[in-house]
Each structure stands twice: as structure tokens, then as C-alpha cells.
1. Checking a compactness column here: for the stretch 157-212, what do you get for Rg(Cα) / (2.2 N^0.38 Å), N being the number of residues?
2. What three numbers, in Å, describe the spread of the alpha carbons of the stretch 205-275 along their principal axes, ordered from the longest?
3. Quick one: grab the alpha carbon gyration tensor of the stretch 162-285, order the square roots of its eigenvalues as a ≥ b ≥ c, and give me rounded if a/c is under 1.5, else prolate or oblate depending on whether a/b is larger than b/c.
4. Grab the other residues whose beta carbon is less than 15 angstrom from that of ASP218, score K and R as +1, D and E as -1, and report the net.
5. Rounded to a whole number of µm²/s, how large is the Stokes-Einstein D of the stretch 4-63 at 4 °C and 1.567 mPa s, given Rh as the Kirkwood radius over C-alpha pairs?
Amino acid sequence: MSNPLSAWVKKELQRHFTIMFIPHSRLKPLRLSFTVSFLLFLFALWTGVTVWAGYLSSKHVDYWRVKAEHNLLRMRMSLLSKQLNESREYLDQVKENDNRLREILELKTKKAIVVQTGAGGPTPQESRSLELYLSGERAVTPDILFEQTKKIKNISRTQLKSIGEVMENLDYQRALYSATPNMRPVDGRLTSGYGFRVHPVHGGYELHSGLDIAAERDTTVAATAAGSVFYTGWAEGYGKLIIIDHGFGCRTYYAHLNKILCKAGDNVVRGKPIGLVGDSGTSTGYHLHYEVRFHDKPINPARFLDPDNYFARKK
């Protein structure tokens, strides 16, 4: 015995629908006849095509999303690479300055620090964390690496500023040392010191503003510090005179010369010959009159005859 429901469904599926197309001309009408089952097939096909098109569309969207994420990641990696390179440069600068500072500190004495220079030393400890990430000893993500390089860069910048201030001060001290009179200007015998005395020619009681150092005629006179020749020529009382400007308000005078070996504007270093001993000007014999002035005020040159006196004065 057949199932009534099954028979009804079969009957409905076999039912026909007719569509007629009647043109406004003498052409014959077009008649199309479809069964319900065929229409259901067309509907199922349309549904399948729609679902497949939606799937392809979603895959297309996923493609562009992945591509956008890839481009973003590439930009972040480019920025990270730039940040990393800058951090490396900062670390190299820190290392260089740290090497200099370590070598200087190993010199121990103030004299050695000012007179000498050096290089050598280890990498700053603050770079260890970054190196662990770069070597793979620690798990790393772009965000972590970016933060680490940024941190190292900030630390390095702070250290550079601190070390730079130390090195700037040290450079100043070295320049000051180089410009400070620090040796005897001529080999000879001290015949008259700094201070009030009876003038050997005029007989008056007055300040002797320098040192008189007796030496044979044409004995070499040397600059006692680095500087620029400010004046060469004749001056009343001094005779043939050389004045050297050392900067920092300091000038030295070399008087009673027989011959001048430099000219105004010349740059000189400590120990460079600048003249020859004579007895020009107001003089009682061959000797060098030597003065040291700070801001045009004479001070006792005896303080500047021995190199070690410079460091004794700085204590």
C-alpha cells in the first residue's frame, strides 16, 4: 500500500507551470513549460552559486586583510630596523666614550689624566638585555624588541650626555693646561725675583713685575705655553719684546732680546724657540726679563717654572 504523503509529493513535483511570451508582432507566442521539480532544481542551483560566490568573496576579503597586515608588519619591521640601527650607533658612541673614560680613570693621577689620552674598555652593561634578545636566548616579538631598543637608546642618550659633560670638562682642563705657562723660558741663573726692589739702573724703589734670568748672549728663548704671538717689536724699558697671548686671560712677556724669531699672529707651542737673549732696552747685562700676566695684572712667574706646580696649584 503506497504512502499517501509520498504520492502527494510525487504528484506535486510533476505538476507543470507554463510561461507564455506573446510578442507585439506577427511572431508566434513562445510557450515554456516547467515542472515543479525542475524549478526546485533551479532554486537549489541558484542558492549554491550564491553561497559559493559569498565564500569566494570572503576569501578575497581575507586576502586583502592578510596583505594589509603584511604591509603593516613590514612597516613595523622597517621602523624596528631603523630603531635598532640608531640604538647600535648610540651604543658604539657610549662604548667609545666609556673606553676613553675608563682609560683616563686608570691613570689615577691628576697629572696623567690631563696630560695623557687613551682608549679601551668593555661594552656598557646596559646593552646586555638587547644582546640576549638578538642572540635568541630570550623569546622575542617585534613589540618587545622595539621596546628594548627604545629603552637602550634612551639609556645610551643619557649616558652620552653624562660622559660628554665629563669629556667636555676634561678637554677644557687639557686646553687650560696647554695654555698655562709651565716651564723655564731660558736656561740660565735667576738674578732678580718678582717683587719690590731698588731698580739697578734708576735707583728707585719699585715693583719688579717679573723675573730676570741671566744667560749668555743669543741663548735660545722658548715659549712657556701654547698660544698666539700678540706683539713683537720695541717697547720702552723692555727693549726688543715678545708678547704671547695664551687665552684664558693669560699673557707672557719676553724682554731685552737680541733677536726676535717670530712675528705677530704666529701660533706657538710650549718649548718653541721665539727669540735670543740680549741686553736691549734698559738693561745692565745679558739676561731675559720674563713676565706672566693674568688680565693684564702681573703675578709671580716663579709659580710657573716647574710643570708639577700646575697640578699643585689646582689642589
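Please treat every number below as a calculation from the coordinates, not as lab data. Not measured: the values here are computed from a predicted model. Here Cβ is always computed from backbone atoms with ideal geometry, including for glycine, and neighbour counts include all displayed protein chains.
1. Dividing the Cα radius of gyration by 2.2 N^0.38 Å gives 2.10.
2. 35, 27, 19
3. prolate
4. Details: positive: ARG217, LYS240, LYS259; negative: ASP187, GLU216, ASP279.
Once all neighbours under 15 Å are counted, the net charge is 0.
5. 87 µm²/s
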